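The structure appears right after this line, and notes come after that.
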Amino acid sequence: MNDDVKKSTITGLLWSAAERFSVQGFQFVISIILARIISPAEFGIVGIILVFVLISDIIINSGFSQALIQKKDRDNIDLSTVFYFNVIIGVVLYGVLFFLSPTIASYYEKPELEHVLKMISIVIMIKPLYLVHMTLLSIRLDFKLRTKINFISAFLSGGIAVFLASKGFSVYALVWQQIANNFLIVLLSFFLIKWIPGLVFSFSSLASLFSFGSKLLIAGLVRSVVDNGYAILIGKYLSIKDVGLYTQGRNIPDLISMNLFTILQNVFFPVMSNLQNDRESLLKFYHRGVEGVAFLIVPVMIGLMMISEPFVRYFLSEQWMGAIVVMQWVALSRLIIPISALNCSLINSIGRSDAYLKVDLAKLPITVAALLVTVPFGLKVVVIGNALVSFICFFINAYYPGKWFGYGAIKQIKTMFPILISALIMAASIYFIHFENGLLEIFVKITVGVIVYYISALILKVKICQEINHVFLKAVFKR
């Protein structure tokens, strides 16, 4: 891996991380404020509705963003074609959801869902207006500008949500937050990125991009429907309040793990695509990625399990205590997802979206079966089942990397094993720490946990930890 690739990757990762964690972190702070004003049941209403919006997002994109990134000779005709196609699909999907809203409300026996769904679905027509702009920034690895756009939008829309909630708008505060956020991204994208679609539409370009993107579309739909199917079935067979607890309980694990997944996809996929003809550099980049990601995500997720009780108790209040078990098991299930992101990026970077689709379809029956079996037994059993399925799916995701590159699930686990042991030692060291003050308990557990994990990783000779330690000592002695 040459210095230019290394530099662009590190820069991209830093800015992509800044974007995801600043934006999502701020939105999470807003959600904590709103959780003290809005009840779990009202959060649950929006949680159910956003499932349909997220599924529509996958259809609108149709894998075209990844197709544009993967294509070497893309031009303005390709970009403009994707822009107009996305807009058309967005309008059509809004119409579909508008007319289906009474049926969806009837399914949950919640009449208020109809009007809320009609309102929040407006974002389906807004998002297509900036998807190509965001793709351009990914192609250029310009995550600095992307960070500015998304943070400004999140900051202003979050302020609107808090103001409306304080004035008694309850669930509609969350609705207007979504609409305002997406509208602001459109305005800033056109103003700052300065790309305007040409008056051109090419069916041959559409067909070419769709041949790659269609597999990602199907895979994305399967993944989105299955993942969000939890909220759909919880709302139907348990309660709307349980949807709120599930949504809030997975907020922090998703903030960390799913955002790291997105960061890795945003940065590693374009870089791997550029390295697709250099197998040696691609494999070296991939191996280092697995160790680096595991070194970060494994202790964070295990640590999150350890602080979930004081966190909910201190920040969310007693009405959200049911979210603790959700946070713990979702954190465990999300531990492996960023590693899967690397496996998926590797498959897609060499143009094998067909294999990516096969992988996602292979996971479908396992995930659906687990959900159907666990949902009658309550929310706790549902999230435990989800954690077990996540680890089974890891082996499926690692199948093609093992077959094509000789670095499958077993070798990846061997790479991560000393990291996992270090994280378990950390967990044992903070398990019995307890204070009445929840904030103090969180602070002490994190402080002790970081120190113990770092020392354990050094003792167990985790390579990336040794490199970090070497750089740190070198910097200290230079002073």
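The values are calculated or read from the model by the stated rules, or taken from the named source; none is laboratory data. Quick caveat: nothing in here was measured; it's all calculated off a predicted structure. Glycine also receives a Cβ, built like all others from the backbone with ideal geometry; neighbour counts cover every protein chain displayed.
Any idea which of (1) within 24 Å of residue 287 (Cβ to Cβ); (2) in contact with an Asp or Glu (Cβ under 8 Å, 6 or more places away or on another chain) is the one residue 391 doesn't satisfy? That leaves (2) as the condition not met. Considering region 146-169, the residues that are among the small types (Gly, Ala, Ser) and surrounded by fewer than 18 Cβ atoms within 10 Å (Cβ to Cβ) include one that is modelled with the highest pLDDT, namely 159. With respect to the conditions (1) at pLDDT 85 or above; (2) surrounded by 22 or more Cβ atoms within 10 Å (Cβ to Cβ), residue 143 lacks only one, and its number is (1). Look through 129, 100 and report the one residue that is within 28 Å of residue 344 (Cα to Cα) and not charged (D, E, K, R). That would be 129, the only listed residue that is within 28 Å of residue 344 (Cα to Cα) and not charged (D, E, K, R).
Is it the case that region 74-90 has a residue that's out of contact with any Asp or Glu (no Cβ under 6 Å at 6 or more places or on another chain), in a loop (DSSP other than H, G, I, E, B) and not hydrophobic (A, V, I, L, M, F, W, C)? Yes, because at least one residue in region 74-90 is out of contact with any Asp or Glu (no Cβ under 6 Å at 6 or more places or on another chain), in a loop (DSSP other than H, G, I, E, B) and not hydrophobic (A, V, I, L, M, F, W, C). Across region 166-214, the number of residues qualifying as among the hydrophobic types (A, V, I, L, M, F, W, C) and more than 26 Å from the chain's Cα centre (by Cα) comes to 10.
Conditions (1) in contact with a Lys or Arg (Cβ under 8 Å, 6 or more places away or on another chain); (2) surrounded by fewer than 20 Cβ atoms within 10 Å (Cβ to Cβ); (3) more than 26 Å from residue 210 (Cα to Cα), marked per residue:
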position: 329; (1), (2), (3): yes, no, yes
position: 333; (1), (2), (3): no, no, yes
position: 341; (1), (2), (3): no, no, no
position: 364; (1), (2), (3): no, yes, no
position: 373; (1), (2), (3): no, yes, yes
position: 395; (1), (2), (3): no, yes, yes
position: 400; (1), (2), (3): yes, no, no
position: 410; (1), (2), (3): no, yes, yes
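Based on what the data block shows, is residue 330 out of contact with any Pro (no Cβ under 8 Å at 6 or more places or on another chain) and within 23 Å of residue 248 (Cβ to Cβ)? Criteria not met by residue 330.
Scanning region 389-415 for residues that are part of a loop (DSSP other than H, G, I, E, B) and in contact (Cβ under 8 Å) with a residue 24 or more places away in the chain, which turns out nearest to the chain's Cα centre (by Cα)? Full working, then the answer.
We begin by selecting, within region 389-415, every residue part of a loop (DSSP other than H, G, I, E, B); these are 398, 406-408.
Retained after the next criterion (residues that are in contact (Cβ under 8 Å) with a residue 24 or more places away in the chain): 398, 407.
Values: 398: 19, 407: 24 Å.
Top of the filtered list is 398.
With respect to the conditions (1) under 30 Å from residue 405 (Cα atoms); (2) within 19 Å of the chain's Cα centre (by Cα), residue 305 lacks only one, and its number is (1). Under the condition of being modelled with pLDDT under 80, among the basic types (Lys, Arg) and part of a helix (DSSP H, G or I), which residue from region 440-479 is nearest to residue 418 (Cα to Cα)? In this case the residue turns out to be 474.
Here is a yes/no grid of residues against (1) crowded, with 19+ Cβ neighbours inside 10 Å; (2) free of Cβ contacts under 8 Å to residues at least 12 places away in the same chain; (3) under 21 Å from residue 87 (Cβ atoms); (4) hydroxyl-bearing (Ser, Thr, Tyr):
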site: 129; (1), (2), (3), (4): yes, no, yes, no
site: 187; (1), (2), (3), (4): no, yes, yes, no
site: 198; (1), (2), (3), (4): no, no, yes, no
site: 204; (1), (2), (3), (4): no, yes, yes, yes
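Given the criterion free of Cβ contacts under 8 Å to residues at least 12 places away in the same chain and either closer than 29 Å to residue 233 by Cα or over 18 Å from the mean Cα position of the chain (by Cα) (or both), identify the matching residue among 377, 315, 295. 377 is the lone residue from the list that is free of Cβ contacts under 8 Å to residues at least 12 places away in the same chain and either closer than 29 Å to residue 233 by Cα or over 18 Å from the mean Cα position of the chain (by Cα) (or both). Name the single residue, out of those in region 141-167 being among the basic types (Lys, Arg) and in contact with a helix residue (DSSP H, G or I) (Cβ under 6 Å, 6 or more places away or on another chain), that is farthest from residue 33 (Cα to Cα). Within region 141-167, the match that is farthest from residue 33 (Cα to Cα) is 144. With respect to residue 333, is the statement that it is of a type in the set (S, T, N, Q) and modelled with pLDDT under 75 true? When the stated conditions are applied, residue 333 does not pass them.
Check 398, 409, 323 and return the single one that is more than 30 Å from residue 284 (Cβ to Cβ) and modelled with pLDDT of 80 or more.
None of the other options fit; the residue is 323.
Of the residues that sit in region 416-443 and are aliphatic (A, V, I, L, M) and over 17 Å from residue 300 (Cβ atoms), which one is farthest from the chain's Cα centre (by Cα)? Top of the filtered list is 433. Condition first: in contact with a helix residue (DSSP H, G or I) (Cβ under 6 Å, 6 or more places away or on another chain), of a type in the set (Lys, Arg) and modelled with pLDDT under 85. Now tell me which residues in region 355-390 satisfy that. 363 - this is the single residue of region 355-390 that is in contact with a helix residue (DSSP H, G or I) (Cβ under 6 Å, 6 or more places away or on another chain), of a type in the set (Lys, Arg) and modelled with pLDDT under 85.
Looking at residue 429, is it in contact (Cβ under 8 Å) with a residue 24 or more places away in the chain, in contact with a helix residue (DSSP H, G or I) (Cβ under 7 Å, 6 or more places away or on another chain) and of a type in the set (Ser, Thr, Tyr)? It is false that residue 429 is in contact (Cβ under 8 Å) with a residue 24 or more places away in the chain, in contact with a helix residue (DSSP H, G or I) (Cβ under 7 Å, 6 or more places away or on another chain) and of a type in the set (Ser, Thr, Tyr).
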